[in-house]
1. Local charge sum around V78 (other residues, Cβ-Cβ under 10 Å, Lys/Arg +1, Asp/Glu -1)?
2. Using only alpha carbon pairs under 8 Å that are at least six residues apart, calculate the relative contact order of the chain and give it in whole percent.
3. In square angstrom, what is the accessible area per residue of the chain with a 1.4 angstrom probe?
4. Can you tell me which of L32, L65, L11 moves the most in a GNM of the chain? Springs connect C-alpha atoms under 10 Å apart.
5. Among L47, I21, V68, whose Cα lies farthest out toward the positive end of the dipole of the chain, if unit charges sit on the beta carbon of Lys, Arg (+1) and Asp, Glu (-1)?
6. Around L47, what is the net charge, scoring Lys/Arg as +1 and Asp/Glu as -1 over all other residues with Cβ under 15 Å from its Cβ?
7. Once neighbouring chains are kept in place and the probe is 1.4 Å, which whole percent of the accessible area of region 41-81 is contributed by carbon and sulfur?
8. Can you pull out the trypsin sites (Lys or Arg not before Pro) in region 2-81 whose DSSP state is coil and whose Cβ has at most 14 other Cβ atoms within 10 Å?
Amino acid sequence: APPRDAVGLVLGASVAISAAIALQLMALQVALAALVEAIKRAVGLILAVAFGRLFFDERISRRQLLAVGAMAAGAAAVMLG
């Protein structure tokens, strides 16, 4: 069980995850699964870098941004291939 002071955080995370899954299932009804997955992976990569900067004060270099772009392009190429 989460600590009492973290219950709101756990509840908020649960609502966010549920909404994300529901939105993905709705997107799959109107778009190709490969396109939805490619977009989801690209957004995940971008948010990982942004959250690293926001929450952990990580420095973001040009090289890291190029690597994220390459990974997103590679994931899109594989998915849409």
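The values are calculated or read from the model by the stated rules, or taken from the named source; none is laboratory data. Small disclaimer: the values here were computed from a predicted structure and weren't measured. Note that each Cβ is placed from the backbone with ideal geometry, even for glycine, and that neighbours are counted across all protein chains shown. Surface areas here come from the heavy atoms of the whole protein model, side chains and all, with no ligands, DNA or RNA. Shrake-Rupley method; radii C 1.70, N 1.55, O 1.52, S 1.80 Å.
1. Charge balance in the 10 Å sphere: 0.
2. 35 percent
3. So the chain comes to 81 Å² accessible per residue, rounded to a whole number.
4. Looking only at L32, L65, L11, the biggest GNM fluctuation is shown by L11.
5. Positive-most Cα among the choices belongs to V68.
6. Taking every Cβ under 15 Å from that of L47, the sum is +2.
7. Using a 1.4 Å probe with all protein chains present, region 41-81 comes out at 66 percent carbon and sulfur.
8. Details: sites: R4, K40, R41, R53, R59, R62, R63; in loops: R59.
Passing both the DSSP loop test and the Cβ count: R59.
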